[in-house]
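The values are calculated or read from the model by the stated rules, or taken from the named source; none is laboratory data. Please read these numbers as outputs of a predicted model, since none were measured by experiment. So basically every Cβ, Gly included, is an ideal-geometry build from the backbone, and we count neighbours across all protein chains shown.
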Amino acid sequence: MQPRHFISLLDFTPDELHTLIHRAIELKNNRDPEFQPLKGQVLAMIFEKSSTRTRISFEAGMTHFGGSAIFLSPKDTQLGRGEPLADSARVISSMVDAIMLRTHKHETVEIFAQHSQVPVINGLTELLHPCQLLADIQTYFEIRGDIQGKTVAWIGDGNNMCHSYINAAKQFDFNLRIACPEDYQPEASIVNNAADKVDFFSSPEAAADNADLIVTDVWASMGQEQEQKKREQAFKDFQVDSQVLKAAKADALFMHCLPAHRGEEVSSDVIDGPQSVVFQEAENRLHAQKALLEFLMHPNT
């Protein structure tokens, strides 16, 4: 039987995603040190890009569940020396129980999934960041309840987080308003797959109007540092500040996947203000991914 993979939110059904969210909340609120469904199992964590939240959350999650995690970087493995990805996937998957990859190219994760004997998890690519969306949606559910029918404003770069919010709008049935600079729009193929859930606006205030949730990300993601000055100019009118927040509902939440650059994509008074839930959101990476690991590696729990 072919293993299940988590490369995109679209790999699971809406019902499965809702089950994951509710399970994540349950695991968060009722941690039992004796509950070790992954005892003896090993997660291989392949990092081509550095990380704080992704590494800690997956490694801690495996430890909580009685399993273990192995950190692999290109400089420590044959992945950095030209071995075909398909060969690496076959070899690694023969020795571990699941593989998580945080890579530059989305194709890398797809190739691993094609040739792996065990579940493959997308820990981030330049195209998608689905694990972060599990944490974001969990956070909204915890504070406000079901996100179905709500309005979410994405302000900033049409990047991997924006793409994942588009997929989330389709899977969780909410309305997504996007405000991006003209040259930084999300990929049309991803937008078209959820076209009835997505609208575009020319200004952050217009996108945020009466929104339930406002989300942003850094203007220059990892690997785009050389574009910093160019992006600062392109995004200067797309900061989430108090005026943008005022356009949303009075009880609207603010989220950011972190790390954040205060004074760039978000003002300090917003990210450090009472409507910001960024640290609860960050913690929920652990709980959402524990639910994901359990789902993929111990489906009969």
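A few remarks follow.
- Of the candidates 275, 233, the single residue that is out of contact with any helix residue (DSSP H, G or I) (no Cβ under 7 Å at 6 or more places or on another chain) and polar (S, T, N, Q) is 233.
- Candidates are the residues of region 246-272 that are among the hydrophobic types (A, V, I, L, M, F, W, C) and not in a loop (DSSP other than H, G, I, E, B); the one that is farthest from residue 220 (Cα to Cα) is 247.
- If you go through region 246-277 and keep only what is free of Cβ contacts under 8 Å to residues at least 40 places away in the same chain and crowded, with 19+ Cβ neighbours inside 10 Å, you end up with 270, 271, 276.
- Taken as a whole, the structure places residue 145 among residues that are small (Gly, Ala, Ser), outside the structural domain of residue 48 (by TED's automatic domain parsing) and more than 23 Å from residue 294 (Cβ to Cβ).
- Filter result (within 28 Å of residue 18 (Cβ to Cβ) and touching a residue at least 60 places away in the same chain (Cβ under 8 Å)) within region 113-125: 113, 116, 118, 119, 120, 121, 122, 123, 124
- Test result for residue 97, closer than 15 Å to residue 5 by Cβ and in contact (Cβ under 8 Å) with a residue 24 or more places away in the chain: yes
- Complete set of residues in region 261-281 that are under 14 Å from residue 28 (Cα atoms) and out of contact with any Cys (no Cβ under 8 Å at 6 or more places or on another chain): 280
- Residue within region 277-293 that is more than 15 Å from the chain's Cα centre (by Cα) and not aliphatic (A, V, I, L, M) present: no
- Number of the condition not met by residue 47 [criteria: (1) out of contact with any strand residue (DSSP E or B) (no Cβ under 6 Å at 6 or more places or on another chain); (2) under 15 Å from residue 123 (Cβ atoms)]: (1)
- Lone qualifier among 213, 292 - being assigned by TED's automatic domain parsing to the domain that holds residue 13, touching a helix residue (DSSP H, G or I) at 6+ places or on another chain (Cβ under 9 Å) and touching a residue at least 12 places away in the same chain (Cβ under 8 Å): 292
- Any chance residue 32 is surrounded by fewer than 13 Cβ atoms within 10 Å (Cβ to Cβ) and within 19 Å of the chain's Cα centre (by Cα): no
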